[in-house]
Amino acid sequence: MKCTKCGEELLANAIACTRCGAPAEIITAEFIPEGDATGGIIPYKNPKALIAYYLGIASGLPLIGLPFGIAAFVLGIMGLRDRRRTPVIKGSIHAGIGIGCGCIFTIFWTLVIVAMVTALMSKQH
Ligand SMILES: [Zn+2]
């Protein structure tokens, strides 16, 4: 997170700004409305997790969902890593959904494609 007064990069659990001394309560106040575990709250400060979430949902699309699933999985992991580094950005739920859906649908659509290819191959013989 950044100090709202001077823009200094601070640790997530900082009590006060290391450069200008502004109390962290003021700095963190703007982040409070963004809960993490509650539904319907969007982690705008963690775009990777947010994109992973939407890609995770998009990965449910028949067949064309496969690239979305892979992207959701990768972005979800990146989002989780960002969230671990700076917990204040939130987004672990969204990243988790992205990884979960991405992973399941990637496997699912891969199996579907393999089954289709196998069926096509066996018809030719
Ligand atoms: Zn400062």
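Points to keep in mind about this one:
- Gyration tensor verdict on segment 35-124 (Cα atoms; rounded if a/c is under 1.5, prolate if a/b is larger than b/c, oblate otherwise): prolate
- Proximity of backbone amide H atoms, modeled 1.01 Å from N, is registered between K2 and L10 at under 5 Å, excluding neighbours fewer than 5 places apart on the same chain.
- FRET E, pair V114, C20, Förster distance 41 Å, beta-carbon r, rounded to 0.05: 0.10
- Less than 5 angstrom separates the built amide H of A16 from those of A24, all sequence-distant by 5 or more or on a different chain.
- For segment 68-81, 3J(HN,Hα) computed residue by residue from phi via the Karplus equation (6.51, -1.76, 1.60; θ = phi - 60°) reads 5, x, 5, 4, 4, 4, 5, 5, x, 5, 4, x, 5, 5 Hz, glycine and proline entered as x.
Computed from the coordinates by the stated procedures, all read-outs in this text should not be read as laboratory data. Only a predicted model underlies this, so the values are computations on that prediction, with no experimental measurement involved. Every residue, glycine among them, receives a Cβ derived from its backbone with ideal geometry; neighbour counts consider all protein chains shown.
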